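Working notes for the structure below.
What follows is calculated from the coordinates using simple rules that are stated; it is not laboratory data. No experiment lies behind these values; they were computed from the predicted model shown. As a convention, Cβ positions derive from the backbone with ideal geometry for all residues, glycine included, and neighbour counts pool all protein chains shown.
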Amino acid sequence: MKRLLFSVVVTAVAVIMQTASARAADQDFTLHNKTGVEIHELYVSPHSTNEWEEDVLGQDKLADGEELDISFSPKEDSEDWDIKVVDGQGNSITWESLKLTEITDVILYFKDGEATAVTKNGSN
């Protein structure tokens, strides 16, 4: 009986860990820079917070035409996320309430002088 209970507990823990890991993987996405400018800072934070997380790029830059895969820690569980980019002149643009659980790619570009983000999911 104890062996059966132990087996059930181990299985339950494994399922919970796998579910948490799969949830975080669902938030991962690729950011495509098609803005025509080099991105010097990139922030991705839960929409529910009023503060930005640390700069994803660190000392790196994301040139026009380049892309960057962004992965999340398994402990992240927010559904709505904000993205902020800053160019070399200090100009910033923010996109809010992106449902990263439904998005595989975020393509940033300018259309008619306006910053635009197009999102794609795995079925697009």
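What translational diffusion coefficient, to the nearest whole µm²/s, does segment 37-117 have by Stokes-Einstein, given a Kirkwood radius computed over alpha-carbon pairs, a temperature of 10 °C and 1.306 mPa s viscosity?
Working: Rh = 13.4 Å.
Answer, rounded: 118 µm²/s.
Approximating the spin labels as points 7 Å out from Cα along Cα→Cβ, the D60-to-K120 distance works out to 2.0 nm.
Bridging of K120 to lysines at a Cα separation below 29 Å is possible for K34, K61, K75, K84, K99, K111, once same-chain residues fewer than 8 apart are set aside. The H on the amide N of D28, modeled in the peptide plane, is under 5 Å from the matching H of F72, each at least 5 residues off or on a different chain.
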